[in-house]
Amino acid sequence: MKKLLLTIAVVATGFAAFAQKPAAGNITTEIGLSNLLGTPGNPVTSGVPAGMFRVRYFLADDMAVRAHFGFGTGTTSSKYDNAAPPVAATLSGERKVTTTGFGIALGIEKHLEGTSALSPYLGAEFGFSNGSTSMEATNSTNGTSITANGDAVKTSGGATTTIALNGLIGADYYVTDKLYFGAEMGIGLFNMTSIGDSETAVTTSAGTVTGTTLGTSSNSIGLMPAVIGQIRVGIILF
């Protein structure tokens with residue numbers, strides 16, 4: 001095992017000896033191996049580059065602008081009935097929850113001297129994200145258990161919108177002329193989050209009753225460290 005690790009280290013060192021960092025005019029693309037976006041309906045924009053696809057353009061050998069974005073959607077379903085085994089159920093229902101979210105961020109990086117293969121940088125980034133969740137259940141008025149045949153409950157709205165400004169500290173390590181690995185940490189400077197109004201509709205034999213839950217908003221200013229991309233892998237396209 002030690003010999004294998006030593007061999008890998010020697011090979012990596014050999015590649016690094018021939019690695020070349022990007023120059024003015026180069027374009028890189030990368031993805032985060034650690035998905036910190038959270039569930040699609042709840043993007044973590046206080047750390048927006050998380051789990052997103054990123055593109056960088058080098059204005060100069062030591063200066064790059066960047067943009068990254070991510071999108072996610074999914075549906076989960078669960079079933080319930082009015083009896084527990086070994087008693088046979090006479091009525092069953094289903095609950096479906098759908099989440100959708102996206103995020104986008106724009107930023108700039110100032111690369112420091114580093115070494116022939118290591119490129120540390122400082123930067124800043126502005127991010128925006130939006131996510132929402134909806135639920136629909138049959139034969140139920142609470143979405144978790146049977147109430148009566150024909151009952152139904154639906155919820156919608158309540159989208160979460162976040163705007164954030166982060167300072168950045170990171171580094172890229174080029175193992176070949178085209179391939180690099182990186183890590184990054186963000187210093188949250190400003191964060192504003194708002195949750196929209198949500199609607200609930202409950203249907204029973206007596207008819208349909210609707211209700212509204214009012215949204216909320218919050219914001220914060222300060223220094224709030226947050227790991228953004230624990231491990232990244234990228235390539236130089238051009």
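Brief remarks follow.
- Output for the stretch 110-135, where each listed residue is of a type in the set (Ser, Thr, Tyr), surrounded by fewer than 20 Cβ atoms within 10 Å (Cβ to Cβ) and touching a strand residue (DSSP E or B) at 6+ places or on another chain (Cβ under 7 Å): 134
- The criterion of being outside any strand (DSSP E or B) and more than 27 Å from residue 21 (Cα to Cα) holds for residue 140.
- Listed conditions (1) more than 29 Å from the chain's Cα centre (by Cα); (2) under 14 Å from residue 106 (Cβ atoms); (3) among the β-branched types (Val, Ile, Thr) are all met by residue 87, apart from (2).
- Filtered residues of the stretch 73-99 (kept if touching a residue at least 24 places away in the same chain (Cβ under 8 Å) and among the charged types (D, E, K, R)): 81, 94, 95, 96
- The stretch 73-91 - residue that is at pLDDT 90 or above and closer than 13 Å to residue 146 by Cβ and, of those, surrounded by the fewest Cβ atoms within 10 Å (Cβ to Cβ): 79
- Between 97, 55, 44, the distinction of being under 27 Å from residue 200 (Cβ atoms), surrounded by 14 or more Cβ atoms within 10 Å (Cβ to Cβ), at pLDDT 80 or above and within 28 Å of the chain's Cα centre (by Cα) belongs to 97 only.
- Entirely in the stretch 156-238, the strands (runs of 3 or more DSSP E) that have 3 or more residues that are in contact with a Ser or Thr (Cβ under 9 Å, 6 or more places away or on another chain) and either β-branched (Val, Ile, Thr) or without any contact (Cβ under 8 Å) to a residue 24 or more places away in the chain (or both): 160-174, 198-204, 207-213, 216-236
- Those residues of the stretch 137-158 which are hydrophobic (A, V, I, L, M, F, W, C) and crowded, with 19+ Cβ neighbours inside 10 Å, in sequence order: 137, 146, 153
The values are calculated or read from the model by the stated rules, or taken from the named source; none is laboratory data. The model shown is predicted, which means the values in this text are computed figures rather than measured ones. Don't worry about glycine lacking a Cβ; one is built from the backbone with ideal geometry, like all the others, and counts go over all protein chains shown.
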